Structure formats: C-alpha cells, structure tokens
1. Within the group A:L355, A:L406, which residue is surrounded by fewer than 15 Cβ atoms within 10 Å (Cβ to Cβ), farther than 18 Å from A:I212 by Cα and either of a type in the set (A, V, I, L, M, F, W, C) or in contact with a Pro (Cβ under 7 Å, 6 or more places away or on another chain) (or both)?
2. Please indicate, with yes or no, whether at least one residue in region A:241-256 is more than 9 Å from every other protein chain (Cβ to nearest Cβ), touching a residue at least 60 places away in the same chain (Cβ under 8 Å), touching a helix residue (DSSP H, G or I) at 6+ places or on another chain (Cβ under 7 Å) and under 19 Å from A:I440 (Cα atoms).
3. In this structure, does A:C293 turn out to be crowded, with 21+ Cβ neighbours inside 10 Å, closer than 30 Å to A:T221 by Cβ, touching a residue at least 12 places away in the same chain (Cβ under 8 Å) and of a type outside the set (K, R)?
4. For region A:169-195, what are the residues that are more than 7 Å from chain B (Cβ to nearest Cβ) and within 15 Å of A:R281 (Cβ to Cβ)?
5. Among the residues of region A:60-82, how many are touching a Gly at 6+ places or on another chain (Cβ under 9 Å) and buried (at least 22 other Cβ atoms within 10 Å of the Cβ)?
6. Taking the stated definitions as given, is B:A193 more than 21 Å from B:T38 (Cβ to Cβ) and either out of contact with any Pro (no Cβ under 6 Å at 6 or more places or on another chain) or assigned by TED's automatic domain parsing to the domain that holds B:P236 (or both)?
7. Which one of A:R386, A:R390, A:R404 is at pLDDT below 95, in the same structural domain as A:L232 (by TED's automatic domain parsing) and charged (D, E, K, R)?
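The values are calculated or read from the model by the stated rules, or taken from the named source; none is laboratory data. Remember, predicted model here, so these are calculated numbers, not experimental data. Glycine gets a Cβ as well: all are built from the backbone with ideal geometry, and neighbour counts include every protein chain shown. Just so you know, the surface numbers come from the protein's heavy atoms only, side chains and all, with ligands and any DNA or RNA stripped out. Shrake-Rupley method; radii C 1.70, N 1.55, O 1.52, S 1.80 Å.
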Amino acid sequence: MTSLLTIRNGTAAPLRTIPILGAVEFAEAVVGAPARGRRVASLFALPWGTSRAPHLAVVLAHDDAGVLECGVTEIVGHRFASMTESCPEVHLFEREIAENWSVVPEGHPWLKPVRRWQTPNDTTTAEFFQMAGDEIHEVAVGPVHAGVIEPGHFRFQCHGEHVFHLEIALGYQHRGIEGALVGGPKKRTIHQIETLAGDTTIGHAIAYCQLIEALIEEPATARGRTLRAIALELERLANHVGDLGALAGDVGFLPTASFCGRLRGDLLNMTALLSGNRFGRGLVRPTGVALDCEPARGQMLLERLHAAARDIEDAVSLLWTSPSVMSRFEEVGRVTTATARSLGLVGPAARASGLARDVRAHHAGDFFGASPFDLVTNEAGDVFSRAYVRWLETRWALDFVRARLLGLPDGPIRARENVPSTLGASLFAVSLVEGWRGEICHVAATDDGGRFLAYKVVDPSFHNWMGLQMALRDQQISDFPLCNKSFNLSYCGHDL
Amino acid sequence: MAYPAEVPALSDRYLGRPKMDVARCGADCQACIDVCPTDAIVRETRQEGTMGAGKVDERTSKALRIDLGRCLFCQECVKACPEGAIEFTGNHRLAARTRSDLVVEGEAKRLFAALDERMLRVFRRSLKLRQVSAGGCNACEADVNVLNTIGFDWGRFGIQCVASPRHADGLLVTGPVTENMRAALLKTYEAVASPKLVIAVGACAISGGPFSGLGAQNDGLGTLLPVDLYIPGCPPHPLTILEGLLGLLGRIEHDAPP
C-alpha cells in the first residue's frame, strides 16, 4: 500500500510532500478507504505543478487515529476511471469534478450536472431516473417551494402515495464562491466565507480561520479558541432547537413548535450579544475572535442560557412523551447503518444511523478544552433517531457553553489584528469543523506567491443530500416534509 | 412583543444605521473606501456644492456617502478611519422606497413614504407575500421566517407568506438572483396578479452583497424587477424587515423628509 501524506486537522504541509500516485494506486486508496476505517472528506481537482494541469486530490479522514491522509494523481487525457461503483460516497464529488474541469469519470453510473445544467436556468429538463408501469406517476416540486425555504427541485416516482424513488436536483443557489476565493485572501474573502451557508456562519468561518492560521503558522489564542467553541455550540443550539420545533410543526404538534420558534430566537440573540449579529457575522477572525466576552457580558449570557435551558427542556421533552408525535417520528425515513456508511453521511444524520463520526471527537485537538465530549449515536436511523440525537447534542452543548463561559482562559482574544495579505508559499492545508449539520471541510493550496491556488469547500450537506433521497424510499409522499426537516440540509452550502 | 409601540432591546453590539461626519475627513483620505469589501462607500464629486462666484464648497464636493444597499455592516470602515468619522448608531430603521434613498450622506434624514392611497386601500390591512430565495445564504430567509413566530408575529398586521404566487400580493426576494434562479424568479413574478409589490430583503437582493460582480449571479434585482421596498442588511434584523413593511403599509410613523 502506497503511503499517503498524513497530516492533522488545521495543519499545513508543503505541496511537494503530497505523494503523486499512479491512477491505479490512487483508486485503490480511495476505494479501499472504507474497509480500512477511512472515509472521503474531500475529493477534488487541484491545479498542479508549473502546467497547472488538474490532478485528482483526495483527503481521507482516519477518525480512529485522528489524522487525515492526502494524495494526488494525474488526470491523463481528460479522463479517469470512475470509482463510484465500488465507493458510492464519491459519486457527487466525481460529478462535480467532471462539471468543473471538463473531464470524464469513465463508468460513472449517473453522470449528470451538479450545478451547471445543459439547458440554462432549468434543471427540470435534465434527465431524471424514471420508472415505468401502470399507474406509476411522477411528482415534481420546486424550485420555488411553499415555505420560506431555499430552492431545489424534487422529483418523486410514485405509485399512489407510495414513493419508490426520489431524485433531488440542486444548483439554483450557485453563486460561484470557490472560484472567487482563488487568488485570495482578498478583502471580501471572509465575508464570502461567512455567507457560504449563512446558518453556519460560525462553522465555516472557523474552518477558514484554522486554514489561515496553518498557512501563516500563527495559531489562535486560547481565549479566542474558547470563544469560537462557545459560538459554534450556540450556533448548533439555535439550529437544533429550531429544527426540533419545526419537526413538531410538521406533525401538527403546536406547543413545542411555538415554544421552539421563540427559543431559537433567544439563542440567536445570545450570538448577537457576542457579535452584534444574530448569525455571528464579524466574530470569528484569523488568530482568534474580533470581539471579547467581558465578565458582565459572560454573566448575562449565563443568565439567559440558564433560563433558555429550562424552557428548552420543558418544550422538547413533550415530544418524547407524546404518542401522537412518536408514532409519526418512529420508523419513518429510515437510513440503515450500511447505507449511511456507503454514502459517507456525516453529522447528526450519520450518528442517527449508528455511525460514530464527529470532528469534535476525532479531529478537534484541544478545541474543546478539558470538557469531556459525548459522542452521541443511535442505531434506528429514522426521523425519531435524527431528532433524538440532536436533542442529546443540545443538552451537551448547553452544559458545555455554560462550563466554558465559567472557565474562559485569560489573555488576548486574537494573536494579531491584521493577517498578512500573502500566506506561506506552496502549501497545502486541511481544516475540519463539526458544524451543526456535520463535517465542514475546507482545503486550500497556495501558489509560490502565497495566494490561494485552489480553495475547496465541502459543506456537510454535500455528503448528506443522497441520504435524504434514500430515506424517502418506500415512504408515503406526505412524509416528505418531515423527512426533509429531519435532515434540514443546506442548499447554498451544496451549491456554493 | 409590543412592537411598534415599544422597540425591544437589541444587543449593545447591534450596529444599525451608519452615520458619517464628513467634516472630519482628511483632504485626500480614502481609507474607508479602500477597506470596504463591497465598495459601499462612494465619493461624490458633485457640482451642486458650488457656491457663489465659481467657488466650490470643498467639503460638499468631496462628500463621502454610504450605500446601505451594498453595506455588509462589517465595521471595517470604522476601524480604518483615522478621524473616527464613522459610527454605527444602533438605529434599526434602514428600509427605503427607492434605490437612491439608500445612499446616505452624513446625518441626512431618512427618506421614506408609504404606498399611495390607491395601493394602501388594497394592501394596508392584508398583505400576502410569496417569498423567493434566489441565491441567498439562508440567513435572510431565517430572519424572515422568524417574523412568523410568536415573538414577532407579523400575522397581527395581516402580513403572511403564502404558498402560491397566485395567492400573493407580491414577492419578497432574497439573494443576489443567481443565473440558475433567474427564470424561476421571473416566472413567479408573472404568476402574481396585479397590482403587485416587490420587496428586496438583504444586501444580496439589493446589490449582490458579498457576491456582487460574480458571473453566476445578477447583482440583485436591479433591472430584473421593479422594486417597491428595499430592506438593507446582511442579513437585516427581523425588526428592520418588519419596520420596513409596516412603513410601506403606512402603519408606523416615519421621520419626515428633510
């Protein structure tokens, strides 16, 4: 087995230390990854050498060892052998590479556009998987949906209410951010990072800042890191609590829906207490954070958290003891452990299908300080399981934020006010953060002038959209909103 | 909450409306222009400042203005200004009826007018909106959604988001209008019966925000649709959105024009 470059989360290595593998060796490393306890964190094309010819680059996460493995291979003649048939978790990565670089993953079983459709403006004319038979019908939904929600197109193959297959076409939110990041950092870069997925502002900003810190060899301060961890968990709390309420709403259970709507706002306002903005814009900056949490502010946060924790406990606990809720949550939208593993799911969706995957447990270093981290899993894989995992994570986060507020390290909130406009030259760095939806992976390579040669973002939704499609198999179409909310994936995070 | 009778307390770090004391600007200083990530600060070289016999009022002719429709409220300008001439006032009232009214100078009073009599008769007590997310990052969408919750409850003013454009009185648009959403947005607009309103929420829908200039999007609604109400912010605070809507419907008092 050819050895790959082994690095840790939030560190950089010279580009020349990444081994260039032969096509066969590279494919073996990727396809064999699941069997060796690895999973694909990122697979993309990287401009390489003086010719800048695209090479396939892979980042494998070896969770048990807490390390990342990287390798590249040349793309010869604009084609490479698709690995999707034997390693389904790369299916969307290969489609993305094909689209962005005009190369062909030969043998890909379902090669179609990800964001750039052949007919401009209309994904609905693209090819969809279709079933034939008496009384089989298609239901098409979107891109403009009934609720206040991002755009996507859903195509169901149904027999009556029964869904045989769901295919989701995305790309409507594509703004072209990855391309805009090349040549940076520029003055707009951090703002584009903070809006990759606005509900994950903190998660993506931390991932970016960890990369910058690796590329300038200047770590964040202890106080800055702790304030980031607090902000990250507040972001998780707001979204978990909001979604538990929305799940209640989707089964018509209004007490929890109403309470959680308000409580989510209370949690967003706690982030605003730290940053001035309900989504945490402007808080996380390279080498630390931009705004401190003085004792009086910390005290106010603690008091608000205390009150919110009590109300959250009351509102959410109602779900688990109400038969009308549980009968709608259980055994709906099931994703088996085997399916979750083969698709490479991440985050609460993976943990709710029994996979012990969490950046906080495996790749966080000392990010969470001395607090013991509870990696929560549940085997069931259904809507209940995804809701309950998020509930247990909510409880942990409430305790964690309170503990860290009481034990904020002294010292400066960031190591330096301004980051140099050029970074270390010809480096490669990887940064992982466990956002509320799961693993956020940013990879950057710098050119010989210390500018971004490539910047690859993998939002957790990129791994997980296929999970939702599998969850809908053999379900009632009326359960789609409930299943969808139990994943609550990002459209813009996928479309970037 | 009792809004608009009472304004709820916002974070002491909430920024709100910016204010610029151009009298303090150094002669050739453009530190704020240089650091602004979205070119929201512009230097106007105007002739209206000309006073008397060809004498130019130096200060007026170089007046710096902040375009609230481009501003991300990031404070880079505040940090860069050597004279401390820029501050954010914590005032959540930011919405405007025209694009040019978003470009503010100094402490100029806010310009705002409710809909005309004919439109008010139709929409004042019941405004049903179809929301279209066209490349938004989901932050604007989230803070529109929050207006439905028991806290803000815009339903008490007869405002509601509806599922079909056929049931709507107008569109509430977020995002810079990606190329991939342009056709769907225009089709949705066509499906709304006249008279209809268009409300642009957030820096993206107004100007493209942090994505302005990128090829896969259209720098906001711009020339695509006629806009009746602009609500700046990245994202706007829910209170800013609600205040703009209530102002449009003539249900809240506004600063009089200067």
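1. After applying the criteria, what remains is A:L406.
2. no
3. Working: crowded, with 21+ Cβ neighbours inside 10 Å: yes; closer than 30 Å to A:T221 by Cβ: yes; touching a residue at least 12 places away in the same chain (Cβ under 8 Å): yes; of a type outside the set (K, R): yes.
Here the answer is yes, as A:C293 does meet what is asked.
4. A:T189, A:I190, A:I193, A:E194
5. Matching residues across region A:60-82 total 2.
6. Working: more than 21 Å from B:T38 (Cβ to Cβ): yes; either out of contact with any Pro (no Cβ under 6 Å at 6 or more places or on another chain) or assigned by TED's automatic domain parsing to the domain that holds B:P236 (or both): yes.
Considered against the rule, which asks whether it is more than 21 Å from B:T38 (Cβ to Cβ) and either out of contact with any Pro (no Cβ under 6 Å at 6 or more places or on another chain) or assigned by TED's automatic domain parsing to the domain that holds B:P236 (or both), B:A193 comes out as yes.
7. Among A:R386, A:R390, A:R404, only A:R404 is at pLDDT below 95, in the same structural domain as A:L232 (by TED's automatic domain parsing) and charged (D, E, K, R).
Here is a yes/no grid of residues against (1) surrounded by fewer than 23 Cβ atoms within 10 Å (Cβ to Cβ); (2) within 24 Å of B:P8 (Cα to Cα):
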site: B:A63; (1), (2): yes, no
site: B:D67; (1), (2): yes, no
site: B:R70; (1), (2): no, no
site: B:G84; (1), (2): yes, no
site: B:F88; (1), (2): yes, yes
site: B:S100; (1), (2): yes, no
